[in-house]
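J.: Below is the structure I would like to discuss, written out as structure tokens.
The values are calculated or read from the model by the stated rules, or taken from the named source; none is laboratory data. Note that the coordinates shown come from a computational prediction; the quantities given were computed from them, not determined experimentally. Note that each Cβ is placed from the backbone with ideal geometry, even for glycine, and that neighbours are counted across all protein chains shown. All accessible areas refer to the heavy atoms of the entire protein, side chains included, with ligands and DNA or RNA removed. Shrake-Rupley method; radii C 1.70, N 1.55, O 1.52, S 1.80 Å.
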Amino acid sequence: IEKGRLGGTCVNVGCVPKKVMWNAASIAETLHDMKHYGFSGYDSEALSFDWSFIKENRDKYIVRLNGIYERNMANSGVQSILGTASLADGGKGVVVTPDDGSDPVTYKAKHVLIATGGYPTFPAGEGIREHSISSDGFFELEDLPTKAVVVGAGYIAVELAGVLQALGTDSSLVVRKGKALREFDEILADTLDDEMQR
């Protein structure tokens, strides 16, 4: 039973689409540094970045991966049901409400595996939910923002702030404590902190 697209967080709003955006940011950084290696033209009108192009092609890539997952499951004899589920019969089954609007169906099994995934948490406060997006929402952006504030000290926040900055967004990273990645290796966290602030 799957509520969203097959492949889970990693394929749809995590590792895979983030890596596509990271690659684009890496190319932007390389182009920015090209003058140090004898190349010219970085400041010319001929050089530009098209957010809609990378978004459209990234999204097509993800849809292709969703199809691969769907075919692999079908080829393995696994039935995929779009909908939501809740436990029933003391954990020996689930009640499934299909997305197509049909009546709920109860499935029983000796073992039930629950892999619910997670959702980002927004801090409390007036206007925060209305004027913010989660890391999932990053992949829904239709346009490259001119300015962004990324809240968080973990690697997802650091990666997305870095991608946005490299692609041309004026980005700020807000952390609650001393520095980003404070739970990681101290040398890594300190070096990152120095680099982000210069």
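J.: Taking ASP136 and the conditions (1) more than 19 Å from LYS18 (Cβ to Cβ); (2) open to solvent by 40 Å² or more (accessible area, probe 1.4 Å); (3) among the charged types (D, E, K, R); (4) not in a loop (DSSP other than H, G, I, E, B), which numbered condition does it fall short on, given that it satisfies the others?
T.: Status for ASP136: all satisfied but (1).
J.: Right, here's the next one. If a residue counts only when it is open to solvent by 80 Å² or more (accessible area, probe 1.4 Å) and either in contact with a His (Cβ under 8 Å, 6 or more places away or on another chain) or on the phi > 0 side of the Ramachandran plot (or both), which strands (runs of 3 or more DSSP E) contained entirely in the range 24-131 have at least 2 such residues?
T.: No strands (runs of 3 or more DSSP E) qualify here.
J.: Could I ask something else about it? Would you check if there is a residue in the range 175-198 being assigned to a strand (DSSP E or B), farther than 19 Å from ILE54 by Cβ and either in contact (Cβ under 8 Å) with a residue 12 or more places away in the chain or in contact with a Leu (Cβ under 8 Å, 6 or more places away or on another chain) (or both)?
T.: No, every residue in the range 175-198 fails to be assigned to a strand (DSSP E or B), farther than 19 Å from ILE54 by Cβ and either in contact (Cβ under 8 Å) with a residue 12 or more places away in the chain or in contact with a Leu (Cβ under 8 Å, 6 or more places away or on another chain) (or both).
J.: Test ARG5 against the stated conditions and say whether it is part of a loop (DSSP other than H, G, I, E, B), over 23 Å from LEU164 (Cβ atoms) and either touching a residue at least 12 places away in the same chain (Cβ under 8 Å) or more than 20 Å from the chain's Cα centre (by Cα) (or both).
T.: yes
J.: Let me ask you something else. Of the residues GLU70, GLU56, which is at pLDDT 90 or above, of a type outside the set (A, V, I, L, M) and over 20 Å from the mean Cα position of the chain (by Cα)?
T.: GLU70
J.: Moving to a separate point now. Please give the number of the condition GLU140 fails out of (1) touching a residue at least 24 places away in the same chain (Cβ under 8 Å); (2) under 19 Å from the mean Cα position of the chain (by Cα).
T.: It fails just one condition, (1).
J.: Name, by its number, the condition in (1) at pLDDT 95 or above; (2) open to solvent by 50 Å² or more (accessible area, probe 1.4 Å) that does not hold for VAL163.
T.: It is condition (2) that VAL163 fails.
J.: In this structure, is SER52 closer than 22 Å to PRO145 by Cβ and touching a residue at least 60 places away in the same chain (Cβ under 8 Å)?
T.: So SER52 passes the test.
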